[in-house]
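S.K.: I am attaching a structure below and will ask some questions about it afterwards.
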Amino acid sequence: MARRKKIYEGKAKTLYEGPEPGTLVQYFKDDATAFNAEKRDVIEGKGVLNNRLSEFFMTGLSQIGVPNHFLKRINMREQLIRAVEIIPLEVIVRNYAAGSMAKRLGLEEGVVLPRPIVEFSYKNDDLGDPLVPEEYIIAFGWASQQDLDDMVALALRVNDFLSGVMYGVGIKLIDFKIEIGRHYEGDFQRLIVADEISPDSCRLWDIETNEKLDKDVFRRDLGSLTDAYTEVATRLGVMPKNAAPMVKPTLIN
Ligand code: UDP
């Protein structure tokens, strides 16, 4: 059978043409990158976990009426999604100081913020995804004021949902990134959550111990990334406790 046509290959995912017009197949790779792809590795099983976790979060968002691209999971590594026009912005929501914000403002990581803060980075690897004020976004035509208002509203709803779900399994949602796309239905256009929601794009700390259960484990060499993601998936009931999706079957003589 001829392989589907590849539409786009990113660092952690590949997009293929979907079976129907307006759909795409999103394939989750095991590749992990950090610091603008300066650090890279292949983490066996990461793609399987992120496919499941993104399905779990997107399905939950649909159930509370937050529009997103997810249609259905196809297999261990692939899901069917709505094709959208990605807005070239990373929408970041922060509940606690960490990462680049902690550095920029000289804050200790883990300090609770006065309220959730939404910020935007311009998606451009050559420039290292620089933080941009809303005025730049409008002036350069990446999004309109109405789009921005809608994006902030979407991002805050995702934040409330994710924070609650995580809190329920003893995990603090420190911050996360989403991407938003324009979805066209006839003459109508609406903004929907796209890309993925997984521990690759969130900071997740155990409530009791502050143990990191997200991509910082890879960025900062803190241990096994699959163990961390499996812990998140197990707590959420996304993966049964004894499943070991990342382990290749070994041949026994
Ligand atoms: N993030 C992401 N992709 C990026 C940049 C950030 O998914 O290209 C996520 C990151 O995992 C964290 C949040 O966005 O959950 C905020 O990241 P930050 O700005 O602190 O950047 P970092 O410290 O990761 O460079």
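S.K.: Give me the extension gain from E134 to V152: residue separation times 0.36 nm, minus the current Cα-Cα distance, reported in nm with one decimal.
M.R.: The E134-V152 span can extend by a further 5.4 nm.
S.K.: Continuing with this model, one more query. Restricting the calculation to Cα positions, tell me the Rg (one decimal) and the Dmax (whole number) of the range 114-161 in Å.
M.R.: Rg and Dmax of the range 114-161, Cα atoms, are 11.8, 33 Å.
S.K.: May I pose another question? Can you work out the Karplus-derived ³J(HN,Hα) for every residue in the range 213-227? Use 6.51 cos²θ - 1.76 cosθ + 1.60 with θ = phi - 60°, whole Hz, and x for glycine or proline.
M.R.: Computed from phi, the couplings for the range 213-227 are 10, 9, 5, 4, 4, 7, 4, 10, 6, 9, x, 8, 5, 5, 4 Hz.
S.K.: Could you run the Debye sum over the Cα atoms of the range 30-127, one equal point scatterer each and no solvent, and tell me log10 of I(q)/I(0) at q = 0.19, 0.20 Å⁻¹, two decimals?
M.R.: Once normalised to I(0) and log-transformed, intensities are -1.29, -1.31.
S.K.: Sticking with this one: Grab the beta carbon distance between L113 and I86, set R0 = 35 Å, and tell me the FRET efficiency rounded to 0.05. Intermediate results must be reported in sequence, preceding the final value.
M.R.: Values: r = 27 Å, r/R0 = 0.77.
My answer for the efficiency is 0.80.
S.K.: Follow-up. When Lys and Arg each count +1 and Asp and Glu each count -1, what net charge do the other residues less than 14 Å away from R115, Cβ to Cβ, add up to?
M.R.: After counting each charged neighbour, the total is -2.
S.K.: Roughly speaking, what % of Cα-Cα pairs in the range 154-231 are separated by over 17 Å, rounded to a whole number?
M.R.: Value for the range 154-231 (Cα pairs over 17 Å): 50 percent.
S.K.: For the range 97-137, what is the Kirkwood estimate of the hydrodynamic radius, computed as the reciprocal of the mean inverse distance between distinct Cα atoms, to one decimal in Å?
M.R.: 11.5
S.K.: To continue, here is another question. Assuming R0 = 25 Å, what is the FRET efficiency of E20 and V238, from their Cβ-Cβ distance, to the nearest 0.05? Intermediate values should be presented prior to the final figure.
M.R.: Numbers: r = 27 Å, r/R0 = 1.07.
Result of the calculation: an efficiency of 0.40.
S.K.: Step through the table entries K6/K177; K11/K172; K13/K215; K5/K72, compare each Cα-Cα distance with 21 Å, and write down the pairs that go over it.
M.R.: Result: K6/K177; K11/K172 exceed 21 Å.
S.K.: May I ask you to evaluate 6.51 cos²θ - 1.76 cosθ + 1.60, the Karplus curve with θ = phi - 60°, for each residue of the range 79-86 and list the ³J(HN,Hα) values in order in whole Hz, giving x for glycine and proline?
M.R.: 3J(HN,Hα) across the range 79-86, in whole Hz: 9, 8, 10, 6, 6, 9, 9, 5.
S.K.: Send over a whole-number figure in Å² for the accessible area per residue of the chain, probe 1.4 Å.
M.R.: 52
S.K.: Return the single residue from E179, E108, E119 with maximal mean-square fluctuation; model: Gaussian network over the chain, springs between Cα atoms under 10 Å.
M.R.: Judging by the Gaussian network model, the answer is E108.
S.K.: Give, in whole angstrom and from largest to smallest, the semi-axes √(5λ) of the equivalent ellipsoid of the chain, with λ running over the eigenvalues of the Cα gyration tensor. The partial results should precede the final answer.
M.R.: Values: eigenvalues 142, 122, 62 Å².
Three semi-axes, in Å: 27, 25, 18.
S.K.: Quick one: with all protein chains in place, what share of the accessible area of the range 61-175 is carbon or sulfur, to the nearest percent (1.4 Å probe)?
M.R.: Taking all protein chains in place, the range 61-175 shows 54 percent carbon and sulfur surface.
S.K.: A further question on this structure: With N set to the residue count of the range 1-69, report its C-alpha Rg divided by 2.2 N^0.38 Å to two decimal places.
M.R.: Compared with the compact-globule rule of thumb, the range 1-69 sits at 1.28.
S.K.: Turning to a different aspect of this structure: From the C-alpha gyration tensor of the range 74-193, pull out the three semi-axes of the equivalent ellipsoid (sqrt of 5λ each), sorted largest to smallest, in whole Å. Please list the in-between numbers first.
M.R.: Numbers: eigenvalues 126, 84, 40 Å².
Result for the range 74-193: semi-axes of 25, 20, 14 Å.
S.K.: By how many nm would the segment from Q63 to D125 grow when fully extended, if each residue of separation counts as 0.36 nm and the alpha-carbon distance is taken off? Write down the numbers at each step before the final one.
M.R.: Numbers: separation 62, 0.36 × 62 = 22.32 nm, distance 3.37 nm.
Once the chain is fully extended between Q63 and D125, it gains 19.0 nm.
S.K.: Round to the nearest 0.05 the FRET efficiency obtained for D221 and R4 when R0 = 30 Å and r is the Cβ-Cβ distance. Present the calculation step by step, with values, prior to reporting the outcome.
M.R.: Details: r = 36 Å, r/R0 = 1.20.
That pair, D221 with R4, gives E of 0.25.
S.K.: Could you run the Karplus curve 6.51 cos²θ - 1.76 cosθ + 1.60 with θ = phi - 60° over the range 167-183 and give me ³J(HN,Hα) per residue in whole Hz, x for Gly and Pro?
M.R.: Couplings: 4, x, 10, x, 10, 8, 8, 6, 6, 6, 10, 10, 10, 10, x, 8, 10 Hz.
S.K.: Continuing with the same structure: Which of V66, I43, S54 sits closest to the plus end of the dipole of the chain, meaning its Cα is farthest towards the positive end, when Lys and Arg get +1 and Asp and Glu get -1 on the C-beta?
M.R.: The residue sitting most towards the positive pole is I43.
The values are calculated or read from the model by the stated rules, or taken from the named source; none is laboratory data. Computed from a predicted structure; not experimentally measured. Glycine also receives a Cβ, built like all others from the backbone with ideal geometry; neighbour counts cover every protein chain displayed. In case anyone asks, the SASA skips ligands and DNA or RNA and just uses the protein heavy atoms, side chains included. Shrake-Rupley method; radii C 1.70, N 1.55, O 1.52, S 1.80 Å.
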